[in-house]
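Trainee: First, the structure itself, so that you have it in front of you.
The values are calculated or read from the model by the stated rules, or taken from the named source; none is laboratory data. Just so you know, these numbers come straight off a predicted model, no measurement behind them. All Cβ positions, glycine included, derive from the backbone under ideal geometry; neighbour counts span all protein chains shown.
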Amino acid sequence: MELWACGFNAWNQLQFEGDLPDEPEDVFTFKRVLTSKGSIKIIGTSFSASLVTCSSPDRSDRKGEFKKKLKKVEDHLELTRFSSIVAVSDDPSEPPKNLKVAGSPDGFLQTQLEQITATNSAKLPKQTDSRLPEDKPSNATAAGNDKIAVFTSTTLTQYPSLPTYLSQCNPDFVYPLPHIMQLVSNTTTFTALTREGNVYTWGDERYPACLGREITLSSPAHTPTLLTPLLSLPTGSIQQLSSSGPLTGALTTGNDLYIWGRTNTPSIIPELSSSPSSSPSPSSSPFPDNYDPIPLDIHGADILDFGIGENHMLVLTTEGELYVIGENGNGQVGLGEEEKGRCEEWRLVDLEFAEGSGKRCVGVWAGYKCSFVVVEDISS
């Protein structure tokens, strides 16, 4: 598999291999940044770093196995999701993984590194390649307001800061919520997804639209509350989340995408932009009675995977097409340096694979001001 990336690169956070330049430049079109004979999974990204795991096939010939799994992708079946990225998985007995770090990890991402590797080492170098024990993706996430949420098989806990999270002292709350399979955050909000397809949101009461629900006495902002508009959807239950900036999105098992997070400023999503005639107060939503998630139509396509960045978004369709929207000042939507302004509508991006190469996109991820695409080579 291959990892392609574009966007903000001031800390070399898009460079996993080769010599590191002293003055890295932003990457304005998608380019290949990492290769692996096995799977590639993004564990997390931050303002200044990216954390990825790669697993290599065992000694047996697994070419046929990968081709079979790719056929399942083509049929839109049997996908394994890790955080917000979709990738073809190896079998359950996959070999040890390689951990690769690009850039300079911040406090929370550094903590994730130490937890995964089970060490108390000092700050890692800017570029690291070490062996990983068998481990599941991180069960913690940090919001833009420095709060951190973490889940176990039965509970959900929120801490007010990184120090309290590390010491596991003085949590904001411990909430009984079993079967969480994904936990994401943005600037002010947390969102949890359970195995049953239920979505819960909580966060800053000043931004109810970012919660996707109305704040009431029975469902205050700071309490994880079921997002009822996402129940009984026409194309099945929710199976995946992504969140950043003011936005959160949810993907159904039937490949429909829902999004929420209206703000008082023009959104990168036209359907969420404020009405020109509205004059909301700074502390209120421009649509006080319309917090609900809305379906997102991207040229009528079925959505296989998606990622939401700080102020951009990318989606991968079931036909393998990559669409982008939002800010491109650092090249984060991959449209080239000549188009540094905001992309106001969904644009199709061509990664320009060589004709007959057998490559296709199988997963996406949006970082702070960068984007990643996982590419599978069927011919390899």
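Trainee: Condition check: at pLDDT 95 or above and of a type outside the set (Gly, Ala, Ser). Does residue 352 satisfy that? Talk me through it step by step, then tell me what you get.
Mentor: Values: at pLDDT 95 or above: no; of a type outside the set (Gly, Ala, Ser): yes.
The answer is no for residue 352.
Trainee: Among 229, 234, which is the only one that is free of Cβ contacts under 8 Å to residues at least 60 places away in the same chain, over 26 Å from residue 107 (Cα atoms) and touching an Asp or Glu at 6+ places or on another chain (Cβ under 8 Å)?
Mentor: Working: 229 fails: free of Cβ contacts under 8 Å to residues at least 60 places away in the same chain.
It is 234.
Trainee: In addition: Looking at 325, 298 in this structure, which one is outside any loop (DSSP other than H, G, I, E, B) and free of Cβ contacts under 8 Å to residues at least 60 places away in the same chain?
Mentor: On the way: 298 fails: outside any loop (DSSP other than H, G, I, E, B).
Criteria check complete, one pass: 325.
Trainee: If we keep just the residues of the range 342-364 that are of a type in the set (D, E, K, R) and in a loop (DSSP other than H, G, I, E, B), which is surrounded by the fewest Cβ atoms within 10 Å (Cβ to Cβ)?
Mentor: Applying the first criterion (of a type in the set (D, E, K, R)) to the range 342-364 yields 342, 344-345, 347, 350, 352, 355, 359-360.
Checking which are in a loop (DSSP other than H, G, I, E, B) leaves us with 342, 350, 352, 355.
Values: 342: 15, 350: 10, 352: 8, 355: 5.
Among them, the one singled out is 355.
Trainee: Pairs please, first residue from the range 354-365 and farther than 10 Å from residue 305 by Cα, second anywhere and loosely packed, with under 12 Cβ neighbours inside 10 Å, Cβ atoms under 6 Å, 6+ apart in sequence or on different chains.
Mentor: Correct list of pairs: 358/379.
Trainee: Please work out if residue 141 is under 23 Å from the mean Cα position of the chain (by Cα), modelled with pLDDT of 95 or more, under 26 Å from residue 15 (Cβ atoms) and surrounded by 17 or more Cβ atoms within 10 Å (Cβ to Cβ).
Mentor: Values: under 23 Å from the mean Cα position of the chain (by Cα): yes; modelled with pLDDT of 95 or more: yes; under 26 Å from residue 15 (Cβ atoms): yes; surrounded by 17 or more Cβ atoms within 10 Å (Cβ to Cβ): yes.
Yes.
Trainee: Could I ask something else about it? If you scan the range 138-156, which residues turn out to be in contact with a Ser or Thr (Cβ under 9 Å, 6 or more places away or on another chain), without any contact (Cβ under 8 Å) to a residue 60 or more places away in the chain, on the phi < 0 side of the Ramachandran plot and part of a loop (DSSP other than H, G, I, E, B)?
Mentor: Here is the first cut: in the range 138-156, the ones in contact with a Ser or Thr (Cβ under 9 Å, 6 or more places away or on another chain) are 138-151.
Going one step further and asking which of them are without any contact (Cβ under 8 Å) to a residue 60 or more places away in the chain, we end up with 139-142, 144-151.
Applying the additional criterion that residues be on the phi < 0 side of the Ramachandran plot yields 139-142, 144-145, 147-151.
Hits for the range 138-156 are 139, 144, 145, 147.
Trainee: List, please: which pairs have Cβ atoms under 7 Å, are six or more places apart or on different chains, and start with a residue in the range 11-39 that is of a type in the set (D, E, K, R) and end with one that is assigned to a loop (DSSP other than H, G, I, E, B) and surrounded by 15 or more Cβ atoms within 10 Å (Cβ to Cβ)?
Mentor: 25/9; 26/8; 26/9; 26/330; 26/331; 37/56; 37/57
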